[in-house]
Ligand SMILES: C[S@@+](CC[C@H](N)C(=O)[O-])C[C@H]1O[C@@H](n2cnc3c(N)ncnc32)[C@H](O)[C@@H]1O
């Protein structure tokens, strides 16, 4: 942090604190405590970042809001508490995997929920560009290569079919076919493509019943982009196939 990201997102003192926390968290043996502390550090870094994104350097979007006034240490301690409180036992064994959904192999699932990047010709839906820093932090920059020539020191984006309209439509078809025996739920937004009718048509190839549930949704912290679209008037849809 103190060398690679000097002067980019946080003050030198904050970078030192992040380095100290990274080092100390790496020593926590209990995997659950380790995960809680790491999640808290990531949350603190997002809260302490104007707009919560890493597409720009410096602090030009600092509007003085409460979250930005708190120190990073305070944010971390509050996040530890919040994350800890969010832990509960659902009585099941739970797994999480990280990787390309197109290649995911799982046993028969009762329900598959898909929340992909929303494709729009008006804005980019590049998650790595926005969140590279916190993903790098989470994986200790292992398995990714920082592009040193970039101002933001972002790493190279993964290829994803959701970057183009044709790719997104084909990806939905592929995923719906793959999980045709499960209840399907997909989050999608009204200003994204494929359109609502097209999405229903793709899902109807594999599911007898398809319902569209519109949800009024206001984009908030951590989900902003530099898009020029009016985010406040966006509607979120849930496509449900069964
Ligand atoms: C709308 S966000 C999901 C947010 C998530 N549900 C949450 O609440 O934090 C879309 C996510 O899909 C990821 N993504 C993009 N292409 C993917 C792919 N081919 N396989 C798996 N994930 C992908 C993006 O990196 C991004 O994190």
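The values are calculated or read from the model by the stated rules, or taken from the named source; none is laboratory data. Keep in mind the model is a prediction, meaning the values are calculated, not measured. Don't worry about glycine lacking a Cβ; one is built from the backbone with ideal geometry, like all the others, and counts go over all protein chains shown.
Residue 98 versus (1) part of a loop (DSSP other than H, G, I, E, B); (2) closer than 16 Å to residue 56 by Cα; (3) within 16 Å of the ligand (Cβ to nearest atom): which is the lone unmet condition?
Unmet condition: (2).
Could you grab me the full set of residues in region 50-71 that are under 21 Å from the mean Cα position of the chain (by Cα) and either part of a helix (DSSP H, G or I) or without any contact (Cβ under 8 Å) to a residue 60 or more places away in the chain (or both)? Explain how you work it out, then say what you get.
Kept after step one, since they are under 21 Å from the mean Cα position of the chain (by Cα), are these residues of region 50-71: 50-57, 61, 67-68.
Result: 50, 51, 52, 61, 67, 68.
So the check is Cβ under 8 Å with 6+ separation or different chains; which pairs have a first residue in region 160-181 that's assigned to a loop (DSSP other than H, G, I, E, B) and a second one that's away from the ligand (no atom under 12 Å from the Cβ)?
179/109; 179/112; 180/206; 180/207; 181/108
Which members of region 17-44 meet the condition of being more than 21 Å from residue 67 (Cβ to Cβ) and in a helix (DSSP H, G or I)? Spell out how you get there, then give the answer.
Initial filter on region 17-44 (more than 21 Å from residue 67 (Cβ to Cβ)): 19-20, 22-35.
Within region 17-44, 19, 20, 22, 23, 24, 25, 26, 31, 32, 33, 34, 35 meet the criteria.
Can you tell me how many residues within region 147-171 are surrounded by 15 or more Cβ atoms within 10 Å (Cβ to Cβ) and within 19 Å of the chain's Cα centre (by Cα)?
10
Of all residues in region 70-86, which are more than 16 Å from the ligand (Cβ to nearest atom) and loosely packed, with under 10 Cβ neighbours inside 10 Å?
Just the residues of region 70-86 that are more than 16 Å from the ligand (Cβ to nearest atom), to begin with: 70-78, 80-81, 84-85.
The answer is 85, and nothing else.
Find all pairs meeting these conditions: Cβ atoms under 8 angstrom apart; at least six residues apart or on different chains; first residue within region 4-21 and free of Cβ contacts under 8 Å to residues at least 12 places away in the same chain; second residue assigned to a helix (DSSP H, G or I).
Partner pairs satisfying both residue conditions: 6/12; 6/15.
Looking only at region 119-126, decide whether some residue is more than 15 Å from the ligand (Cβ to nearest atom) and in contact with a helix residue (DSSP H, G or I) (Cβ under 9 Å, 6 or more places away or on another chain). Spell out how you get there, then give the answer.
At the first step, the residues of region 119-126 found to be more than 15 Å from the ligand (Cβ to nearest atom) are 121-122.
Within this subset, residues satisfying the condition of being in contact with a helix residue (DSSP H, G or I) (Cβ under 9 Å, 6 or more places away or on another chain) are 121.
Yes: region 119-126 contains one or more residues that are more than 15 Å from the ligand (Cβ to nearest atom) and in contact with a helix residue (DSSP H, G or I) (Cβ under 9 Å, 6 or more places away or on another chain).
How many residues are more than 15 Å from the ligand (Cβ to nearest atom) and either assigned by TED's automatic domain parsing to the domain that holds residue 205 or closer than 14 Å to residue 114 by Cβ (or both) when one looks only at region 137-186?
Final tally of qualifying residues: 6.
Given the conditions (1) surrounded by fewer than 18 Cβ atoms within 10 Å (Cβ to Cβ); (2) under 30 Å from residue 176 (Cβ atoms), which single one is not true for residue 116?
It is condition (1) that residue 116 fails.
Considering only region 3-19, state which residues are under 20 Å from residue 138 (Cβ atoms) and surrounded by fewer than 13 Cβ atoms within 10 Å (Cβ to Cβ).
Scanning region 3-19 gives 3, 4.
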